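Derivation of every value follows stated rules applied to the coordinates shown; laboratory data play no part. Since the structure is predicted, the reported quantities are computational estimates derived from the model, not experimental observations. As a convention, Cβ positions derive from the backbone with ideal geometry for all residues, glycine included, and neighbour counts pool all protein chains shown.
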Amino acid sequence: MKLGEKLKYLREAEGELRGLGRAITQQEMMRALKAETGKTLSQSYLSQIESGARPHLTNTTRQVLAKFFKVHPGYLVDDPEGYHAELLSDARAVEDKLDLWLVSGAERFRRDPELKQALLALARHEDSRRCLLLLNAVIDTPGLVDRLFEVLGGRGPVFSHPVHDEAVDKGGAPGRYGAPGTRWSRKARKEAAQ
């Protein structure tokens, strides 16, 4: 894992620990860092580190960030290619990467609070990979998604988006978005292109 990814992950965890329900922003982090440690960093410096434009921290910055996030300073470096902690299995490494990807996705969909919360809940689950595989099985079972949504959510069909509603399978029956064997009506293709 790269240093920038670690810092993004730590900001997400810090935001959750502070009860924000989201990642602490870089600006919020800079203010909290100053208030709690008396040290200052610029938001642009942190942004450069997270984006990878600045691949290394100074020792002083590493110590300040380690103190703020309550992690060992040695954690705040890029992991060597192929690195795995002795007690970390390959399965756990995959799970960690998946969780980081989910958290990153949640941040990208912050304007859709339900989707963001769903992605974060999935990332927090002990076995995110298994949850996604279960979701795949549910989606592959005809009618199960709508039935589960009806029973658990009571808010109507899951796919209320016009593009999803216009998908039909080759036999003319309603189809599922992206399902093998679906074709799109002209109206759906036109709406999807817009």
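Here are a few things to note about the model shown:
- Extension gain from V77 to R129, taking 0.36 nm per residue of separation minus the Cα-Cα distance: 16.1 nm
- Sorted by Cβ density within 10 Å, fewest first, the residues I24, I49: I24, I49
- Estimated Rh, region 1-79: Kirkwood, alpha-carbon pairs, angstrom: 12.4 Å
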